[in-house]
1. Do we have Ser156 as modelled with pLDDT of 75 or more and more than 54 Å from the chain's Cα centre (by Cα) here?
2. Of all residues in region 617-626 being surrounded by 19 or more Cβ atoms within 10 Å (Cβ to Cβ) and over 10 Å from Lys593 (Cα atoms), which is nearest to the chain's Cα centre (by Cα)?
3. Would you check which residues across region 557-584 are modelled with pLDDT of 90 or more and basic (Lys, Arg) and list them?
4. Quick one: which residue in Gln396, Gln362, Gln312 is outside any loop (DSSP other than H, G, I, E, B), within 28 Å of Gly641 (Cβ to Cβ) and at pLDDT below 80?
5. May I ask you to verify whether Ser607 is part of a helix (DSSP H, G or I) and either in contact with a Ser or Thr (Cβ under 8 Å, 6 or more places away or on another chain) or not hydrophobic (A, V, I, L, M, F, W, C) (or both)?
6. For region 588-608, which positions are of a type outside the set (A, V, I, L, M, F, W, C) and at pLDDT below 90?
7. Determine the pairs where a residue that is under 22 Å from Asn629 (Cα atoms) and in contact (Cβ under 8 Å) with a residue 24 or more places away in the chain, located within region 288-310, has a partner that is surrounded by fewer than 21 Cβ atoms within 10 Å (Cβ to Cβ) and small (Gly, Ala, Ser) with Cβ atoms under 9 Å apart, the partner being 6 or more residues away or on another chain.
Amino acid sequence: MFFLFQYNYLLTKCSILLNNAWDLCLSMQIKINDFAIPLICLIFRLLMSNDPSDPEDLSDDDFVDEKPLEPKPYKTDHEDETIQEIQSFTVKDRPFIRMQFIKKRKEFGLTFKFSDQETSERTGEIKALEKDPLQLVKNKVIEMGIQGCNPFQDASSQTVWNRKINKALQVDEGDERQEQPDEDFKLLKFLETVYPLMEEALQSNETIDIYQDDFNVLPLSEQNGDQNAELTNVIKEIKSFSYLNCKGKKIQCIQFQPTSQAIKSKYIVAESFVENLLFEERAIYQLKSHKSLIVFWDFEDIHSIEPVLLLQSPLEILSFEFNPKDPNIIVGGTINGQVMLWDLSGTALSVFASKKTQKTKQERNEIQELQPKMVSALQDPASYQAGSSNEVLRKQVASHKNFVLGCEMKHFNHLILTSSQETYQFASISSDGQILFWDTRLIDKDSKKTQQDISTIPWKATYGIQLYRPEGGGMMGGGQIQFRKNQKIPILSGTSDEGEVFILDWGEKQGEEGQKNQLVSAIWQQQRSMRPPIALDVSPFFEDVLLTLHDFNFCVWKHNVTFPIFESLIMKGAHITCGGFSPYRAGVIIVGKTDGNLDVWDMLDQSHKWTIQFQVVACAITSLKFNDNMAHIVAIGDSDGTLHLLEFPQSLCKDQGNEIKAMRLFWDREVKRVNYYSERFKIREQQAKQQNEKEIQAQPVKETKQSGDTKVLDEIANFENEYQKFRDTLLGIGPKPEDDKGDKKGKK
């Protein structure tokens with residue numbers, strides 16, 4: 001044990017001496033090899049000088065008691081620093097910090113380029129270069145093709161049961177056939193009765209073509225149109241006409257020439273033009289007259305490019321009409337209120353229509369021009385003061401005061417008595433509120449006056465009706481008039497310049513002064529529009545159903561109903577310019593718009609929107625006319641002066657079964673709907689009145705509750721007045737309180 005202790009003691013001494021010697025060498029920059037030998041000698045001497053056996057040299061610390069080893073905690077000088085460092089690694093409980101980073105969607109995935117910057121620049125903003133002209137973008141060229149195709153779908157089917165079929169048959173001649181008697185007498189009787197019928201059916205199948213088109217077999221009268229018309233739902237344009245001298249003008253009116261015994265042609269169409277002027281331009285040039293033409297075209301010849309006849313007029317023709325009994329007579333209304341008449345008898349058109357085979361191509365290329373035969377007398381300037389006269393029915397009236405909006409030629413027997421079945425009368429309406437009835441027979445046959453005397457005789461209307469609103473509503477302006485298909489009673493339908501629809505009965509007797517304006521029996525107002533209607537039409541199948549076209553919708557009216565029984569949706573993007581009922585189908589309405597589209601509304605198909613829409617032209621459609629002789633031909637005029645002839649399909653020209661009966665039920669349902677809503681509105685008004693009465697009765701209770709507040713306000717106002725008086729007396733502005741008291745005593 002002592003030897004072990006001595007050995008440990010020597011090692012500790014040596015280690016201490018070596019450490020001190022190493023530090024001394026480093027501090028004095030002495031080489032280790034030069035110092036190693038003296039150092040070792042020095043260490044050996046020191047060790048030998050200190051004898052551990054010498055008790056004087058031994059200290060108390062050199063002796064170790066032999067005791068069992070006990071574990072003690074590890075302690076170092078930097079223990080506290082280590083503990084703080086370990087505690088800093090752990091995260092203590094603290095409130096969460098909310099942070100939000102926002103970036104625009106368009107900035108995702110953008111490429112940025114960073115640039116160098118000097119340290120002297122203190123700004124820390126680095127802007128991204130949006131477009132770098134020096135940046136090279138490498139594009140990869142890829143060859144690829146795109147083709148639209150229908151989606152494919154894999155489907156499979158499997159039949160579990162397999163039917164057994166004999167693939168081969170073999171007959172042995174040695175077997176004798178045994179005939180079995182038929183004991184089923186019912187089957188034999190059935191076969192005996194069916195056999196002749198079956199034989200007849202097979203023979204008829206061989207003689208009759210089951211693939212034949214039945215509509216082509218029908219005659220022309222039953223088909224109600226051309227035999228070559230196709231059975232499709234597509235509208236096609238067959239031909240268009242454009243006269244060079246009228247290019248750029250607006251087509252105002254279109255009419256087909258009716259047929260008669262003298263004129264068998266049904267391929268003549270006429271059109272009138274007006275200048276394409278805005279309201280400001282027309283107001284400037286209102287005192288100037290523009291030369292106008294009525295151009296006649298023959299659409300039977302597909303290759304014809306020149307008109308057949310030209311009717312000249314010194315004024316613009318807004319509307320014109322053929323005589324239904326004598327197609328050679330044409331009447332038209334001008335922009336200044338005059339009425340003109342042309343007679344086509346003896347012209348090239350009359351010869352061409354009656355003797356078409358005798359006319360050569362050279363004569364057909366010569367365009368003949370015709371002047372008006374009669375022109376109505378001008379209105380007396382003194383009669384423009386309409387306030388001086390309140391007569392409803394007048395005789396021998398000159399022309400209208402304003403432009404003529406419509407002309408209708410009918411056979412009137414109530415105002416103009418005649419025993420002939422020919423048509424000589426027509427009516428015209430203007431915005432001045434007058435409806436004038438004219439007679440084309442200016443000279444009697446028994447008279448000795450010649451044709452040259454016509455120019456000396458003033459042509460005036462036989463009768464004139466001034467429109468007044470019922471129940472003393474005052475005068476109203478005119479819009480359009482329409483008569484029924486078979487006019488037998490003195491009733492007509494019309495519109496006013498304020499969007500009203502009225503029914504006029506000119507057969508009513510004129511009463512006293514207070515009852516002079518009772519010719520208008522009914523009047524209705526459309527709530528959405530206060531402007532004049534675009535057009536008016538009477539249903540050819542229902543005499544009490546009317547159609548009015550407004551700027552952005554159309555309405556269907558019925559007699560004895562104050563509200564429209566049907567209103568279309570508001571058409572956006574373009575407004576209506578023309579339209580009407582189809583003369584061949586009871587449930588079809590045709591509408592033309594400014595965007596060049598033609599909308600076909602089929603009420604049997606759907607009523608919330610149009611059924612077919614056809615783009616006729618890129619400019620605005622201005623006029624529309626059906627052909628009474630050919631159901632599938634419709635004429636369309638545009639604002640550029642081009643006349644388009646469209647061919648309608650058979651589905652829009654032929655009656656679809658019981659269409660008239662179905663449409664009658666449809667209009668009756670609409671009438672019931674309108675009446676129901678009107679009754680419901682009355683009930684709602686009564687409920688609203690009752691609610692208002694309850695609120696009025698509850699108001700006094702609230703006033704009693706607020707009476708205390710009003711007293712407080714009155715007291716505050718009195719205090720304020722007294723303060724102002726006291727302030728005025730202090731400043732010497734107002735009277736003193738003593739003077740006020742003296743004045744009061746004197747008054748007493």
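The values are calculated or read from the model by the stated rules, or taken from the named source; none is laboratory data. In this text the structure is predicted, and so the values were computed from the model without any measurement. Glycine also receives a Cβ, built like all others from the backbone with ideal geometry; neighbour counts cover every protein chain displayed.
1. When the stated conditions are applied, Ser156 does not pass them.
2. Per the criteria, the residue is Val617.
3. Correct list: Lys558 only.
4. Residue meeting the stated conditions: Gln362.
5. no
6. Once the filter is applied, which keeps residues that are of a type outside the set (A, V, I, L, M, F, W, C) and at pLDDT below 90, region 588-608 yields Asp605, Gln606, Ser607, His608.
7. As it stands, the answer is Trp297/Ser304; Asp298/Ser265; Asp298/Ser304; Glu300/Ser265; Val308/Ala348; Leu309/Ala348, since those pairs meet every condition given.
Okay, residues lined up against (1) in the same structural domain as Gln257 (by TED's automatic domain parsing); (2) within 47 Å of the chain's Cα centre (by Cα); (3) modelled with pLDDT of 85 or more:
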site: Thr334; (1), (2), (3): yes, yes, yes
site: Ser350; (1), (2), (3): yes, yes, no
site: Lys355; (1), (2), (3): yes, no, no
site: Gln368; (1), (2), (3): yes, yes, no
site: Gln385; (1), (2), (3): no, yes, no
